[in-house]
Amino acid sequence: MGNNGNLSKAELFIQNLNAKNAKKLAFALVLGFVVYHAFLHMRYGSDSCKWLLSAGRFKGDKEWQPYGCMLHKYTETDTRKCLRYLAFWGNQNHFVLIGDERLRSLSLEFIDYLRSSETENNSKQSSNTKNTENVQFTDYKLRLRVEYIYANEVSKSLIDEFIKWEHEEDPPSLIIASCTYPTFQRGNVTEDIQKAYEKNLTRLVSPIDRLYAKKTKIIWKQQDPVDQESSPDEWKNVRNEDVDRINQAASNILLYSEAKIWSSSNMIASGLVDEFADGQKLSSLTLKHDVQILLNMYCNDYMNYNDGTCCSSAEPYTIIQVTTYAFLAVCASIATAMYVRKLIVKWRGIHTYMPLNQPATTDTQSPLSALASLAVIMTYFYLCDRTNFFMKENKYYSEFSFWIPVGYVFALGLFFTEDSKLTKVLHRDQTDELKGWMQIVILIYYMTGASHILPIYMHIKVLISGFLFLSGYAHFTYWWQTGNAGLVRFLNVMFRVNFLTVILCLCMNRPYQFYFFVPLLSFWYSIMYLMLSLPPRITAQIAEANPYQYLYVVVKFITMLATVTVLYMSEVFFERIFV
């Protein structure tokens, strides 16, 4: 069995399941992901606003997931915070929706979402009950104005509206347009009708481009499908094939303008077409999704929500980030040069010798090689976390996505075991393995968005507390058995715990408290070190010789807990000491 030639394929496969090969496989996968996403960006572009408006899919519970970016769910508070922020900086929050009756329903939903109890005495709304009447809503405190203008075709009056806005000193912030032609409900979209529609749209391109030059965003909303089986009589002749032809014609013409084509609204409506009232009136859920898309497009770049990456530009880098990455890049360059030099020396057949009393080292053990690996890892983290290079999705919890990984981890724990030379309860090997499994389960918990499931949330909190206890237990038993409570030991532990976190703070431009668990571990380890290092220092050997020494340990623990509790409960006392 000592010779690889005598091993079976299964035994050889298990033998190759080691950390070194796992690192190689992980690096190959990451490199493949980088190449794949680079190809996607070259092929389809990197504008997340375009992704938001162009495509997506439904998740469970009919939640909409845009392609490649995360959609923040704006509440009334979030929306007003965004509009108030823009108003504070002097921006006019002026929205115009111009189009047919179906766009009017979106404007009414949008206004209902923006209206709140605070705006009852600070707003003005004017509308009529007819579906073809204009609507206007104003909130003076937020410098907000929402208008709906009826237009069932690309006529001279519609073009004149664009020209009028073009000459205004403060044109609208956002214009959403969508219309067909007067006889669209008769169906039978012929080639002549399509060409006439395209010709009318061509006249709209120049006004759109001139408005875009004045910082106005223009969106052309594609026509939504209909439920042909339950449509009213006046919509019976409209087929979804006709809708697709009209949408394709609009896309072909406006592709050469500065207008953005909003096709994801069509996809949302297609997925919820069964909920349409009268077969053609958009459902409430469809309109809510459309409103959320509009708010994400308008506000994300100003609000910087962690779960709202659509239409959000990358954070500006700081001097600290530039300095950190420059240092890592220099280390990586030197390590690469050393590796290339070694290959050249080996290729030339030159052998190097070292003294017998000097231990043999490999390139992977040198500090420069370690820093080069760290540079690659931090660059990958930055691409994932601070840019839209890699596609992102909102977390969505499902029983399958959470329990399958947990079950897989449980199965691995059953079938892969190792022997240990230690026999005590909660010895080093046991606690290390327990903490490793805990970290994997906690990672699954955060990745699958299970925090809003109360039973799982409570169990994970117990797991985190258990992890904290095991960490403290391991440090305490080490000190209890060895008596090593020196400053070197303290700095060694603090460095091991905090090194990666501090590097992340420097590279990601985040405060130390952002990575909350490491500060938590560091705090309690510091408290425990302070308690144990104060005289009298009691160890296992001293306590065995004099059992009364246990009393000092108990008094130390009670004093520590009492002090922390008082500081936690009394904000005034805490501020008098530390502020």
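Since every read-out is calculated from the coordinates, none of them should be taken as a lab result. Bear in mind that the values here come from a model prediction, so they are computed numbers and not experimental data. Glycine also receives a Cβ, built like all others from the backbone with ideal geometry; neighbour counts cover every protein chain displayed.
Taking each residue as 0.36 nm, the span from Ile440 to Asn134 lengthens on full extension beyond its C-alpha to C-alpha distance by 104.5 nm.
How would the chain be classified by its alpha-carbon gyration tensor: rounded, prolate or oblate, with rounded meaning a/c under 1.5 and the a/b versus b/c comparison settling the rest?
Values: a/c = 2.40, a/b = 1.88, b/c = 1.28.
Prolate, because a/c is 1.5 or more and a/b exceeds b/c.
The calculated FRET efficiency for Lys9 paired with Leu463, based on their beta-carbon distance and R0 = 45 Å, is about 0.75. Can you classify the stretch 534-579 as rounded, prolate or oblate using the Cα gyration tensor, where a ≥ b ≥ c are the square roots of its eigenvalues, rounded means a/c under 1.5, and otherwise it's prolate if a/b beats b/c and oblate if not? Taking the square roots of the gyration eigenvalues as a ≥ b ≥ c, the stretch 534-579 is prolate.
How big is the antiparallel share of DSSP beta bridges in the chain, given as a percent to the nearest 5?
Numbers: 13 of 33 bridges.
Expressed as a percentage, antiparallel bridges in the chain total about 40.
Return a whole-number percent for the relative contact order of the stretch 56-303, with Cα pairs under 8 Å and 6 or more residues apart as the contact set.
Working: 381 pairs, mean separation 51.9, N = 248.
Worked out over the stretch 56-303, it gives 21 percent.
Measuring gaps between exposed loop sites in the chain (chymotrypsin sites (Phe, Trp or Tyr not before Pro); DSSP loop; at most 14 other Cβ atoms within 10 Å), the longest gap, sites not included, is 141-255.
Near Trp262, the amide H atoms lying under 5 Å from its own belong to Trp220, Lys221, Gln222; only residues 5 or more places off or on other chains count, and H is placed 1.01 Å from N.
In terms of its C-alpha gyration tensor, the stretch 365-472 comes out oblate, because a/c is 1.5 or above while a/b does not outweigh b/c.
The Cβ shell under 13 Å around Leu71 holds other residues with a net charge of +1, Lys and Arg each +1, Asp and Glu each -1. Cβ distances below 4.7 Å define possible disulfide partners, and in the chain the cysteines left without one are Cys179, Cys331, Cys384, Cys505, Cys507. Here, P(r) means the percent of Cα pairs in each 5 Å bin from 0 to the largest distance; for the stretch 1-45 it is 5, 19, 14, 13, 13, 10, 9, 7, 6, 3, 2, 0. With just the Cα atoms defining each centre, how far is the stretch 274-346 from the stretch 463-520? Give it in Å. Between the Cα centre of the stretch 274-346 and that of the stretch 463-520, the gap is 30 Å. D by Stokes-Einstein for the stretch 56-303, Kirkwood Rh over Cα pairs, 25 °C, 0.890 mPa s: 131 µm²/s.
Dipole magnitude for the chain: about 2460 debye, using +1 per Lys or Arg Cβ and -1 per Asp or Glu Cβ, origin at the Cα centre.
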